[in-house]
Amino acid sequence: MSVVAQILIGLVCLVHVYIFLLETILFKTRGAKVFGIPKAEVESHAVAMSNQGCYNGFLAAALLLALVWPDPAIAKAFATYGLACVAVAGIWGAVTVMIRILYIQTVPAMLGLAALYLL
């Protein structure tokens, strides 16, 4: 795996660790502000956001495994799975929530996939 691919995978992983934290542990404080949830709606969104945060944590875990797994073929499979899931989720988020998600999630994930397979 190229250094460029590793860097991009690491960045996507860190973004998803941050999103995991915002949607779970930090949702009622920092997370709600970042996602633009009005104070009156924070409690009603908290459980669903926590569940969504778990999925982002799972994606981060797959990407972390891609960086540390000793067998290159398995590491590449974890990277492909994690980056592809992030790219698709980012497209869905851009369509259903806000276009900014496309640039935060999908573009870096697609760059990571390109680096993984082309470099």
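The values are calculated or read from the model by the stated rules, or taken from the named source; none is laboratory data. Keep in mind that this is a model prediction, so the values were computed, not measured. Glycine gets a Cβ as well: all are built from the backbone with ideal geometry, and neighbour counts include every protein chain shown. Quick note on the areas: whole protein, heavy atoms, side chains included, nothing else; ligands and nucleic acids left out. Shrake-Rupley method; radii C 1.70, N 1.55, O 1.52, S 1.80 Å.
The lone criterion from (1) β-branched (V, I, T); (2) within 17 Å of A89 (Cβ to Cβ); (3) open to solvent by 30 Å² or more (accessible area, probe 1.4 Å) left unmet by V47 is number (2).
Working carefully through the options E41, E23, find the one that is charged (D, E, K, R) and under 16 Å from the mean Cα position of the chain (by Cα). It would help to see each step written out before you state the result.
Working: E41 fails: under 16 Å from the mean Cα position of the chain (by Cα).
Going through E41, E23 in turn, just one is charged (D, E, K, R) and under 16 Å from the mean Cα position of the chain (by Cα): E23.
Go through region 94-104 and count every residue that is touching a helix residue (DSSP H, G or I) at 6+ places or on another chain (Cβ under 8 Å), open to solvent by 30 Å² or more (accessible area, probe 1.4 Å) and either without any contact (Cβ under 8 Å) to a residue 12 or more places away in the chain or not β-branched (V, I, T) (or both). Before you say what the answer is, go through the steps one by one.
Just the residues of region 94-104 that are touching a helix residue (DSSP H, G or I) at 6+ places or on another chain (Cβ under 8 Å), to begin with: 94, 100-102, 104.
Next, only the ones that are open to solvent by 30 Å² or more (accessible area, probe 1.4 Å) stay: 100-102, 104.
Next, only the ones that are either without any contact (Cβ under 8 Å) to a residue 12 or more places away in the chain or not β-branched (V, I, T) (or both) stay: 100-102.
The total comes to 3.
For region 33-40, the count of residues that are closer than 26 Å to L119 by Cβ, open to solvent by less than 70 Å² (accessible area, probe 1.4 Å) and either small (G, A, S) or touching a residue at least 12 places away in the same chain (Cβ under 8 Å) (or both) is zero.
Taking the conditions (1) crowded, with 20+ Cβ neighbours inside 10 Å; (2) out of contact with any helix residue (DSSP H, G or I) (no Cβ under 8 Å at 6 or more places or on another chain) in turn, F20 satisfies each one other than (2).
Of all residues in region 105-119, exactly one satisfies the criterion of being open to solvent by 40 Å² or more (accessible area, probe 1.4 Å) and either touching a Gly at 6+ places or on another chain (Cβ under 6 Å) or outside any helix (DSSP H, G or I) (or both), namely L119.
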